[in-house]
Structure formats: C-alpha cells, structure tokens
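> There's a structure below that I have some questions on.
The values are calculated or read from the model by the stated rules, or taken from the named source; none is laboratory data. None of these values were measured; they are calculated from a predicted model. So basically every Cβ, Gly included, is an ideal-geometry build from the backbone, and we count neighbours across all protein chains shown. Heavy atoms of the whole protein, side chains included, go into the accessibility calculation; ligands, DNA and RNA do not. Shrake-Rupley method; radii C 1.70, N 1.55, O 1.52, S 1.80 Å.
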Amino acid sequence: MDTFYSLYPAVKHTHLLLIGISVTLLLVRFFLKERQSPLMTRKWLKITPHVIDTFLLLSGLLLCVLIKQYPLMDPWLTEKIMAVFAYILLAFMAMRSDRNRPFRGFALIGALGWIVYAGKLAHFKQAVLIG
C-alpha cells in the first residue's frame with residue numbers, strides 16, 4: 001500500500017501535465033495551420049503530439065491500475081474514455097485541411113468541450129450519460 005501512496009501523486013500529476021501539453025499542442029498546431037505557417041512542415045511538430053498522446057494514454061492506464069477502476073466496470077471511466085475518443089475525433093477533424101474554415105473551428109471548440117467534460121468526469125467520478 002505504501003507504493004500506491006508514493007506512486008499515485010507522481011503519475012496523476014504527470015497525467016495532468018501531459019493533458020495540458022496535448023491540448024496546448026493542439027491549439028498551437030491549429031492556429032499555425034490557420035495562418036498557413038511554414039512551421040507546420042517541421043518534423044518535430046508532426047511527431048511530438050503523437051509521442052505526448054502515447055505517454056498520456058499510458059499514464060491513464062497506469063492510473064486505472066493504481067486506483068483499481070477499469071472501463072466497462074466503472075461507468076464514469078467508461079464515459080470518460082468515450083469523451084476522450086470524441087476529443088480525438090474532433091481534434092482530427094479540426095486539423096483536416098480538406099474541411100472549410102468554420103467547420104474546423106467548430107470541431108476545435110467541440111474537441112475542447114469534450115476534454116473539459118472528461119476532466120469533469122475524472123474529478124467527480126460520476127457518470128452522466130451511462131448508468
């Protein structure tokens with residue numbers, strides 16, 4: 001049990017930091033894309049979000065193990081996973097170049113809304129849509 005108490009805060013804060021970095025990168029990339037900036041062609045700007053999101057997913061899985069709550073068993077966590085998938089889908093749509101500008105803007109706002117909702121679920125641990 002001592003391992004849990006010593007490891008949990010570090011994993012939780014790492015997870016929160018990765019969420020912040022992920023959302024910040026989405027916003028930066030979106031605005032660079034809107035301005036048609038040549039920075040968008042930089043390799044690091046294409047790879048970094050995927051690396052951050054991979055570590056974000058791994059830290060989330062580790063948190064599930066540490067708190068012994070799992071998707072499909074705990075409704076709030078199932079709903080949070082669905083909100084994260086909605087965030088990913090809308091963020092992908094916001095970054096697509098074959099969509100018109102207003103559509104991409106609404107997709108970005110929707111993605112941010114879903115990530116805020118996932119945060120609410122993580123904080124209160126009460127499902128709204130499921131169960």
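> Take the Cα gyration tensor of region 17-86, multiply each eigenvalue by 5, square-root it, and list the three semi-axes largest first, rounded to whole angstrom.
Each semi-axis is the square root of five times an eigenvalue, giving 31, 13, 8 Å.
> Given R₀ = 30 Å, FRET efficiency for Val116-Arg42 by Cβ-Cβ distance, to 0.05?
For R0 = 30 Å, the calculated efficiency reads 0.55.
> Another question, then. Going by accessible area, probe 1.4 Å, with all protein chains left in place, what is the ranking of Asp74, Asp98, largest first?
Largest accessible area first, the list is Asp98, Asp74.
> Still on this structure, I have one more. Measure up Lys46/Lys80; Lys46/Lys68; Lys33/Lys120; Lys46/Lys120; Lys43/Lys125 against 32 Å on the Cα-Cα distance and list the ones that go over.
Working: Lys46/Lys80 26 Å; Lys46/Lys68 34 Å; Lys33/Lys120 29 Å; Lys46/Lys120 29 Å; Lys43/Lys125 38 Å.
Pairs exceeding 32 Å: Lys46/Lys68; Lys43/Lys125.
> Could you calculate the contour length gain from His123 to Ile67, that is, 0.36 nm times the residue separation minus the distance between their Cα atoms, to one decimal place in nm?
Values: separation 56, 0.36 × 56 = 20.16 nm, distance 1.34 nm.
Going from the current span to full extension adds 18.8 nm.
> Any chance you could run the full-extension gain for Tyr8 through Arg35? It's 0.36 nm times the residue separation minus the Cα-Cα distance, nm to one decimal.
Working: separation 27, 0.36 × 27 = 9.72 nm, distance 4.07 nm.
Gain in length upon complete extension: 5.7 nm.
> Give, in whole angstrom and from largest to smallest, the semi-axes √(5λ) of the equivalent ellipsoid of the chain, with λ running over the eigenvalues of the Cα gyration tensor.
Here the semi-axes work out to 30, 18, 10 Å.
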